[in-house]
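As structure tokens, the structure follows; a few thoughts come after it.
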Amino acid sequence: DGGITQSPKYLFRKEGQNVTLSCEQNLNHDAMYWYRQDPGQGLRLIYYSQIVNDFQKGDIAEGYSVSREKKESFPLTVTSAQKNPTAFYLCASSIWTSTDTQYFGPGTRLTVL
Amino acid sequence: QQPVQSPQAVILREGEDAVINCSSSKALYSVHWYRQKHGEAPVFLMILLKGGEQKGHEKISASFNEKKQQSSLYLTASQLSYSGTYFCGTDMAVGEPSGDMRFGAGTRLTVKP
């Protein structure tokens, strides 16, 4: 089945540690996205990528880093510089731009203790 | 800047209708509508494109007023399964469509028997 997978579903880390969230898609989509969602809030764009080896900052990129070495994969690293990292993180993909449907993964709930 | 959604919350009885609005401070290429159930990933409902094209759900309709930079989502004869939080998303790019999406804070819809 085609889709987007994120792992793990729940993640716990100690304050000050970097942590990498996985996102893989087999939809052959060019564009991939990372969003952060806080309780009762909307989605905020962290980074997006439209082609391999290229990515753009979104609304709240500070304290996060990404890579896009393969079309299928777009991992997100939450660094120790992110002041409030506890949140629900959603990865999405689309064929190309904002005129295309975004398909979301199941999300990773990160808790920093 | 994020688009602004209204109302923030709606409570309906099964079979009643609802309208959710989304407005932006900038010209829009497209407006996306998604529904999210608690703890789950957002699910695609509809995209409205500049020029009048629509892609989406058969049982849900929407409008897109390019001049007013507004969109409305119409939910008719609501069912219990319509409950959830509805988000609109818009592209922040100037020029051509990109992946730089911004989402509204959401409208929480509750349908009661």
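The values are calculated or read from the model by the stated rules, or taken from the named source; none is laboratory data. If you're wondering where the values come from, they're calculated on a predicted model, not measured in any experiment. With ideal geometry, Cβ positions are generated from the backbone for all residues, glycine too; neighbour counts draw on all protein chains shown.
The table that follows gives values for the structure above.
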{"item": "Within segment B:94-113, considering residues that are at the interface with chain A (Cβ under 7 Å from one of its Cβ atoms) and over 15 Å from the mean Cα position of the chain (by Cα), the one surrounded by the most Cβ atoms within 10 Å (Cβ to Cβ)", "result": "B:Gly99"}
{"item": "Residue that is nearest to A:Pro106 (Cα to Cα), among those in segment A:18-36 that are surrounded by 12 or more Cβ atoms within 10 Å (Cβ to Cβ) and more than 11 Å from the chain's Cα centre (by Cα)", "result": "A:Gln25"}
{"item": "Positions within segment A:83-101 being touching a strand residue (DSSP E or B) at 6+ places or on another chain (Cβ under 6 Å) and closer than 22 Å to A:Pro8 by Cβ, in sequence order", "result": "A:Pro85, A:Thr86, A:Ala87, A:Phe88, A:Tyr89, A:Leu90, A:Cys91, A:Ala92, A:Ser93"}
{"item": "Given (1) more than 9 Å from chain A (Cβ to nearest Cβ); (2) crowded, with 19+ Cβ neighbours inside 10 Å; (3) in a strand (DSSP E or B), index of the condition B:Ser63 fails", "result": "(2)"}
{"item": "Which listed residue is out of contact with any Phe, Trp or Tyr (no Cβ under 8 Å at 6 or more places or on another chain), farther than 30 Å from A:Thr5 by Cβ, of a type outside the set (Phe, Trp, Tyr) and without any contact (Cβ under 8 Å) to a residue 60 or more places away in the chain, from B:Gln69, B:Gln1, B:Gln8", "result": "B:Gln69"}
{"item": "Within segment A:78-113, tally of residues that are among the β-branched types (Val, Ile, Thr), within 23 Å of A:Val52 (Cα to Cα) and assigned to a loop (DSSP other than H, G, I, E, B)", "result": "5"}
{"item": "Those residues of segment A:25-71 which are farther than 19 Å from A:Asp100 by Cα and among the small types (Gly, Ala, Ser), in sequence order", "result": "A:Gly40, A:Gly42, A:Ala61, A:Gly63, A:Ser65, A:Ser67"}
{"item": "Residue in segment B:14-27 that is farther than 17 Å from A:Thr101 by Cβ, surrounded by 16 or more Cβ atoms within 10 Å (Cβ to Cβ), away from chain A (no Cβ under 14 Å) and among the polar types (S, T, N, Q) present", "result": "yes"}
{"item": "Segment A:57-70, residues that are within 14 Å of chain B (Cβ to nearest Cβ) and within 21 Å of A:Lys83 (Cα to Cα)", "result": "A:Lys57, A:Gly58, A:Asp59, A:Ile60, A:Ala61, A:Val66"}
{"item": "Filter result for the condition that a residue is of a type in the set (D, E, K, R), modelled with pLDDT under 95 and under 12 Å from A:Ala87 (Cβ atoms), over A:Asp38, A:Asp1", "result": "A:Asp38"}
{"item": "Selection count where residues are in a strand (DSSP E or B) and within 14 Å of chain A (Cβ to nearest Cβ), scope segment B:66-93", "result": "9"}
{"item": "Where A:Leu43 falls short, out of the listed (1) within 12 Å of the chain's Cα centre (by Cα); (2) farther than 20 Å from B:Thr90 by Cβ; (3) within 11 Å of chain B (Cβ to nearest Cβ)", "result": "(2)"}
{"item": "Number of positions in segment A:47-61 that are aliphatic (A, V, I, L, M) and under 26 Å from B:Ser6 (Cβ atoms)", "result": "1"}
